[in-house]
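Below is one structure, written out as structure tokens; comments come after it.
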């Protein structure tokens, strides 16, 4: 079984273009033999001044497109969705198969910008989440096809509570979605060794306002070694790993 992880340069608020690009890369991953395709956090709209306006519901045409790809190739997609649910915006990871939405995990431990008097949204990016976005009920395991996947998103990983569910019930693999500078952190391989499970970390690349995202998407084996890693030079890339190698 082959797993794919993709890092893309998406553009804030350009939902149609971002989805079109991601569909193309996802299709290519399936055609290269992937059974599971993992995409990065906030792929559809990045960070926007009006997250409700640029968010999309689970029933949207954007989400439907990924489900149709999953149906065509008999696979699964983990989509980083800027979601609107019951009128509130969320940062979400949506798991899809050919029948549509399997489940959705909503980011739970939200990011708060440090206090600064010189903060200007259109320059520094609209990355203040706390008090603006809705939040989930904490990271958890989700059954996706043959795999039990432990889901957490970006700032979740900064809170020790976020990792506890996976200590109590280790999943088959941990999926750590990101949209930030890079994901090359010692805590990730350390945690793989601790629970004896692999991890896939995705991250975006390119510009998000004044931020330059470097990528570093990677598959980490259960022993903490790197199975395969994407570039950390801010370039778009898809990487692949065989399940038996993790």
Note on the stretch 37-105: alpha-carbon gyration tensor, axes a ≥ b ≥ c; rule is a/c under 1.5 for rounded, else prolate if a/b larger than b/c, else oblate; result prolate
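Let me make sure I get this right: for the stretch 2-245, a, b and c are the square roots of the gyration tensor eigenvalues over alpha carbons, sorted descending. Under 1.5 in a/c it's rounded, otherwise prolate if a/b > b/c, else oblate. Which is it?
On the way: a/c = 1.38, a/b = 1.17, b/c = 1.18.
The shape class here is rounded.
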When the chain is treated as a GNM, springs tying every alpha-carbon pair under 10 Å, which of 177, 213, 128 comes out with the largest mean-square fluctuation? 128
Neighbour-count ranking [beta-carbon atoms within 10 angstrom, fewest first] of 191, 207: 207, 191
Rounded to the nearest 0.05, what FRET efficiency do residue 50 and residue 172 give with R0 = 45 Å and r taken as the Cβ-Cβ distance? Could you check? 0.75
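Out of all DSSP beta bridges in the chain, what portion is antiparallel? Express it as a percent rounded to 5.
So the antiparallel bridges in the chain amount to around 65 percent.
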For the stretch 127-163 versus the stretch 178-192, the gap between their alpha-carbon centres in whole angstrom: 14
Pair residue 190, residue 130: separation of 7 Å Cα→Cβ label points (nm): 2.2
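Going by a ≥ b ≥ c, the root eigenvalues of the Cα gyration tensor, does the stretch 126-246 fall in the rounded group (a/c under 1.5), the prolate group (a/b larger than b/c) or the oblate group?
On the way: a/c = 1.88, a/b = 1.14, b/c = 1.65.
Oblate is the answer for the stretch 126-246, as a/c is 1.5 or above yet b/c matches or exceeds a/b.
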Relative to the present Cα-Cα distance, how much length would full extension add between residue 119 and residue 159 at 0.36 nm per residue of separation? 12.0 nm
Separation of the residue 244 and residue 60 label points, Cα + 7 Å toward Cβ, nm: 4.0
Quick one: Debye curve from the C-alpha atoms of the stretch 130-188, no solvent, what's log10 I(q)/I(0) at q = 0.18, 0.20, 0.28 Å⁻¹? -0.68, -0.82, -1.28
At a Förster radius of 35 Å, what calculated FRET efficiency corresponds to the Cβ-Cβ distance of residue 103 and residue 28, to the nearest 0.05? 0.90
In whole Å, how far is the Cα centre of the stretch 20-93 from that of the stretch 221-246? 21
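Tell me what the chain gives for mean residue ellipticity at 222 nm when only DSSP H runs of n ≥ 4 count, each as -39,500 (n - 2.57), the sum divided by the residue total, rounded to 500 deg cm²/dmol. Numbers along the way, then the final one.
Working: 6 runs with 52 residues, N = 246.
About -6000 deg cm²/dmol.
Taking the mean number of other Cβ atoms within 10 Å as a proxy for protection, how do you rank 11-23, 224-236 from highest to lowest? Working shown, then result.
Values: 11-23: 17.7, 224-236: 16.2.
Per-residue mean Cβ counts within 10 Å order the peptides as 11-23, 224-236.
On average, how much area does the Cα convex hull of the stretch 61-152 cover when viewed from any direction, in nm²?
Details: hull surface 29.5 nm².
Quarter of the Cα hull surface area: 7.4 nm².
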Top mean-square fluctuation among 156, 97, 117, Gaussian network model of the chain, C-alpha springs under 10 Å? 117
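Read-outs: derived from the displayed coordinates by stated rules, not from any lab. Keep in mind the model is a prediction, meaning the values are calculated, not measured. Quick reminder, even Gly has a Cβ in these numbers, built from the backbone with ideal geometry, and neighbours come from all protein chains shown.
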